[in-house]
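Written out below as structure tokens is the structure these notes cover.
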Amino acid sequence: MLFGDTGRRDASRSVPEGRRFDFELIGTGRAALELLGRGGRALVLGWSSGQPTTVDGSDVVGRGITVAPAFGPDLLSRVGGVRELEQRALAAAARGDLVPVVSATFPLARAADAHQALESRATIGKVVLKP
């Protein structure tokens with residue numbers, strides 16, 4: 001997935017004519033799915049576009065694509081649940097091995113601007129409010 005200067009919503013404008021992706025992480029809606037090439041694979045991470053990405057039989061059969069959820073039944077039905085994964089992730093974060101991408105930092109007095117940046121999809125990564 002390409003992220004352009006204007007945010008994810010305009011990513012398709014950055015794709016050269018006729019170019020399609022073999023693999024995508026989809027969370028931005030149907031437009032992202034359309035960039036997936038014949039026989040491509042997509043991993044659905046949610047729907048930051050506000051609506052779930054719809055996939056139908058013509059996508060799967062007609063284009064030969066594979067679509068799977070990031071957090072599907074295999075992960076959610078793990079023996080012992082996901083607690084062990086949570087603990088490993090928290091430990092890695094505490095060690096500094098996992099560092100979130102911070103896109104923007106705003107003073108608390110500008111919380112409305114931070115929300116606007118998120119809603120307009122002008123950020124990639126975390127948005128932090130500081131007191």
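A few notes on this one:
- Any hit, region 103-126, residues being outside the structural domain of L43 (by TED's automatic domain parsing) and exposed (fewer than 10 other Cβ atoms within 10 Å of the Cβ): yes
- Those helices (runs of 4 or more DSSP H) lying entirely in region 18-100 with at least 3 residues exposed (fewer than 12 other Cβ atoms within 10 Å of the Cβ), among the hydrophobic types (A, V, I, L, M, F, W, C) and modelled with pLDDT of 80 or more: 83-95
The values are calculated or read from the model by the stated rules, or taken from the named source; none is laboratory data. Fair warning: this is a prediction, and the values are worked out from it, not measured in the lab. Cβ atoms come from the backbone with ideal geometry, glycine included; neighbour counts cover every protein chain shown.
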